[in-house]
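The values are calculated or read from the model by the stated rules, or taken from the named source; none is laboratory data. Computed from a predicted structure; not experimentally measured. Reconstructed Cβ throughout: ideal geometry from the backbone, glycine too, with neighbour counts over all protein chains shown.
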2 protein chains.
Amino acid sequence: MKFCSQCAHPVVFDIPLDDTLPRYICKNCKTIHYQNPKIVVNTIPFWKEEKELSVLLCLRAIEPRLGFWTLPGGFMENNETTKEGALRETEEEAGADIVMGDLFALMNLPTVQQVHLFYLAELKSLSFAPGLETLETQMFTETEIPWDEIAFTSTRQALELFFSDQQKALNGQSRLHSVDLKRLVYPT
Amino acid sequence: MKFCSQCAHPVVFDIPLDDTLPRYICKNCKTIHYQNPKIVVNTIPFWKEEKELSVLLCLRAIEPRLGFWTLPGGFMENNETTKEGALRETEEEAGADIVMGDLFALMNLPTVQQVHLFYLAELKSLSFAPGLETLETQMFTETEIPWDEIAFTSTRQALELFFSDQQKALNGQSRLHSVDLKRLVYPT
C-alpha cells in the first residue's frame, strides 16, 4: 500500500495514537488502513461405498501450485457465511453436488496471513466436472492419493486428519481439529 | 475505495475477466483490490469456585456500543494465530491472566462482513483491570449478567450457549457451536 484508497494521498506506515502496531495512515484524510488475515473456505468432498471411502481432489489450473492436487476451496467472499463460501467454491471448482456437513478443521497460517476452514461434505453423486480454475477432478481412496503432488500443507494435513479420524471414530462425531501451520505453506 | 492504493489512479467497480463478482479494479496498474470478511477473536474468561461459575465481562469505553458489556475480543491481526489473537485481546482489554482452552463457537455475521470466534479461557486468578478500550471489568454469574446491556448479538449468543452447555455437558467436552447471525448485530 502506497496511496490512500479514499483520497489518493501517499500513506505513511506508523503506529497510530492509542494503538500498538504500525498501520498505513493517511495524514490528509486521517483514514487508518487496517490489514487483517483472510479466510480460505474448503470442503472435504467424500463418497462412501460399502467400506471404501474416497475423496474428490482438483488438479489446479492456476498459480500458486499449478499442476498440484488440492481440495476445493478459495477465499471467503463478503456477504456469505463460511459454509456458503465452502459450498460455492466446491460447485465452482469441481462442479460437485454435495451435502454440507460439520466444520472439520480450522488451520492458522500466520506466515501468509490466512485462516483455512475445512467442512465435511458428502457427495450426492459421482457426477462432477472441472471448473475454470481446475484442470481435472478425480476421486481417490487414501492409498491412491498422490501424496507428493498435493498443493498445500493445509490440504495434506486435512486429508491426513480425515482418513485418520475415519479409523478412530466411525460414528462420525469427531471434534474440531485446530492446527497451527507456522512455517510451511507448501509440502516438502 | 475510490483510488488505487498502489498507483493512486481512480478505480472502477466492475467484474474482472474470469470472475463472477464485481471488484475494485485499477485500469492503470491492473491491480484488482479484493475485499473479504474480517475475523474477530474473543474469549469467554470463566472462573469456577465450588459449584458457582462466573464470567468476566468488559464495559466498552469505545464505539460501537460504548457503555455496553462485552466479552474481551477484537480484530485478528496479521502474523498471529486465532488463539494468540484472542489471548492478546483478553490481556489488552481486561488485563486478565488466562489459560487458553478450546474453540467454543464460530459465528458468521455476513451483514457486517465478520466471522467471530470464541475461545474458552479459564482465569488463573481474579486479578484483572480495564485496559484502554474498557471502562470497567467485572465477574458475573449467569443470573447476574446484565442481559439487556450486552453489546453484541454474538456476545449474548456465546454467553447463552456457554451457560447452557455447562448444565448439559459437565465433562467440558462440548462440540463446536456454529452459528449464523444473518440479521441482528446488536441485541434488541
Options A:L117, A:L106, A:L66: the member that is modelled with pLDDT of 95 or more and surrounded by fewer than 16 Cβ atoms within 10 Å (Cβ to Cβ): A:L66
Of the criteria (1) touching a residue at least 60 places away in the same chain (Cβ under 8 Å); (2) within 11 Å of chain B (Cβ to nearest Cβ); (3) polar (S, T, N, Q), which one A:S54 fails: (2)
Long-range neighbours under 7 Å by Cβ, at least six apart or interchain, first residue farther than 15 Å from B:C58 by Cβ within region B:91-105, second assigned to a strand (DSSP E or B) and β-branched (V, I, T): B:F104/B:I44; B:A105/B:V179
Region A:126-137, residues that are in a loop (DSSP other than H, G, I, E, B) and either touching a strand residue (DSSP E or B) at 6+ places or on another chain (Cβ under 9 Å) or surrounded by 16 or more Cβ atoms within 10 Å (Cβ to Cβ) (or both): A:L126, A:F128, A:A129, A:P130, A:G131, A:E133
Some residue of region B:115-125 being out of contact with any Cys (no Cβ under 6 Å at 6 or more places or on another chain), among the polar types (S, T, N, Q) and away from every other protein chain (no Cβ under 14 Å): yes
Of residues in region B:57-70 being of a type outside the set (V, I, T) and within 14 Å of chain A (Cβ to nearest Cβ), the one nearest to A:R23 (Cα to Cα): B:E63
Residues within region A:1-36 that are away from every other protein chain (no Cβ under 11 Å) and either in contact with a Ser or Thr (Cβ under 7 Å, 6 or more places away or on another chain) or not in a loop (DSSP other than H, G, I, E, B) (or both), tallied: 5
Any hit, region B:71-94, residues being away from chain A (no Cβ under 11 Å) and assigned to a strand (DSSP E or B): yes
Sole exception among (1) assigned by TED's automatic domain parsing to the domain that holds B:E133; (2) over 16 Å from the mean Cα position of the chain (by Cα); (3) part of a strand (DSSP E or B) for B:L59, by number: (2)
Which numbered condition B:E89 misses (of (1) among the charged types (D, E, K, R); (2) more than 22 Å from the chain's Cα centre (by Cα); (3) within 22 Å of B:F152 (Cβ to Cβ)): (2)
Test result for A:Q166, touching a residue at least 12 places away in the same chain (Cβ under 8 Å) and either within 29 Å of B:L103 (Cα to Cα) or among the acidic types (D, E) (or both): yes
Qualifying residue in region B:43-56 (condition: in a strand (DSSP E or B), at pLDDT below 95, closer than 22 Å to A:M107 by Cβ and among the acidic types (D, E)): no
